[in-house]
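Taking it in order: structure first as structure tokens, then the write-up.
The values are calculated or read from the model by the stated rules, or taken from the named source; none is laboratory data. Quick caveat, the model's predicted, so the values are computed rather than measured. Quick reminder, even Gly has a Cβ in these numbers, built from the backbone with ideal geometry, and neighbours come from all protein chains shown.
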Amino acid sequence: GQQLNQSPQSMFIQEGEDVSMNCTSSSIFNTWLWYKQDPGEGPVLLIALYKAGELTSNGRLTAQFGITRKDSFLNISASIPSDVGIYFCAGYETSGSRLTFGEGTQLTVNP
Amino acid sequence: ETGVTQSPTHLIKTRGQQVTLRCSSQSGHNTVSWYQQALGQGPQFIFQYYREEENGRGNFPPRFSGLQFPNYSSELNVNALELDDSALYLCASSSNRGFGAKNIQYFGAGTRLSVL
């Protein structure tokens with residue numbers, strides 16, 4: 001089935017640094033979502049994007065819906081230790097009910 | 001706290017056995033989706049239930065089946081368990097049929113299934 005290509009697979013950064021991760025698809029998506037998953041928990045929604053070109057912020061997090069509708073990125077500014085976790089992009093294609101996920105980006109923040 | 005609850009939290013089964021996982025959806029949500037998340041991977045869509053009927057299915061064999069009840073809670077049943085079925089099973093609820101925009105899925109904490 002459709003897969004989202006998410007990169008990087010992992011990141012090791014120092015507290016205070018900014019982080020950027022992205023997601024690409026071979027087909028058009030009409031909704032992009034970014035989730036964070038902590039160990040032993042389910043994914044928690046961070047940001048939802050509904051329109052091509054849309055730029056949305058949630059605190060230190062900013063995400064954009066690519067104008068081609070085939071990509072999205074997530075930026076985290078001034079990282080803190082509690083940002084540690086796995087970040088997933090996910091989206092809905094133009095038709096269908098299934099949410100397709102990327103493989104995740106494992107973020108480690110060193111104090 | 002999403003309001004989506006799953007039970008049990010952990011389960012150990014042996015190959016060939018059958019298992020039933022349960023999910024209570026968030027208040028006001030009428031759609032439940034199930035996902036399988038293998039270690040180190042993103043969740044993979046199994047199927048979705050809307051108003052007690054299957055509404056979309058991923059690439060999973062028929063031994064994966066489900067139910068949705070009038071109160072919108074749901075069960076995932078897996079027959080003839082295989083070792084590769086070991087994974088975190090996630091349930092997500094949402095408030096509409098799941099076609100595209102503004103349909104946000106809220107996830108439970110999952111059931112960790114180990115097949116020995």
How many residues of the range B:27-60 are away from chain A (no Cβ under 11 Å), more than 17 Å from B:Val78 (Cβ to Cβ) and buried (at least 23 other Cβ atoms within 10 Å of the Cβ)? The answer is 0
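Tally up the residues in the range A:55-66 that are surrounded by 16 or more Cβ atoms within 10 Å (Cβ to Cβ) and part of a loop (DSSP other than H, G, I, E, B), please. Full working, then the answer.
Applying the first criterion (surrounded by 16 or more Cβ atoms within 10 Å (Cβ to Cβ)) to the range A:55-66 yields A:56, A:61-66.
Retained after the next criterion (residues that are part of a loop (DSSP other than H, G, I, E, B)): A:66.
Number satisfying all stated conditions: 1.
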Sole miss for A:Leu107 among (1) crowded, with 19+ Cβ neighbours inside 10 Å; (2) not in a strand (DSSP E or B) is condition (2)
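Residues are listed down the side, and each one gets a yes or a no for (1) at negative phi; (2) modelled with pLDDT of 95 or more; (3) more than 11 Å from chain B (Cβ to nearest Cβ); (4) out of contact with any Ser or Thr (no Cβ under 6 Å at 6 or more places or on another chain):
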position: A:Ser57; (1), (2), (3), (4): yes, yes, yes, yes
position: A:Asp71; (1), (2), (3), (4): yes, yes, yes, no
position: A:Gly85; (1), (2), (3), (4): no, yes, yes, yes
position: A:Phe88; (1), (2), (3), (4): yes, yes, no, yes
position: A:Gly96; (1), (2), (3), (4): no, no, no, yes
Scanning the range A:8-20 residue by residue, the ones that are within 13 Å of another protein chain (Cβ to nearest Cβ) and either surrounded by 20 or more Cβ atoms within 10 Å (Cβ to Cβ) or under 11 Å from the mean Cα position of the chain (by Cα) (or both) total 0
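Could you name every one of the strands (runs of 3 or more DSSP E) located completely within the range B:28-82 that has at least 3 residues being closer than 27 Å to A:Gln106 by Cβ? Explain how you work it out, then say what you get.
Working: elements: B:31-37, B:44-50, B:53-57, B:64-68, B:74-78.
Qualifying strands (runs of 3 or more DSSP E): B:31-37, B:44-50.
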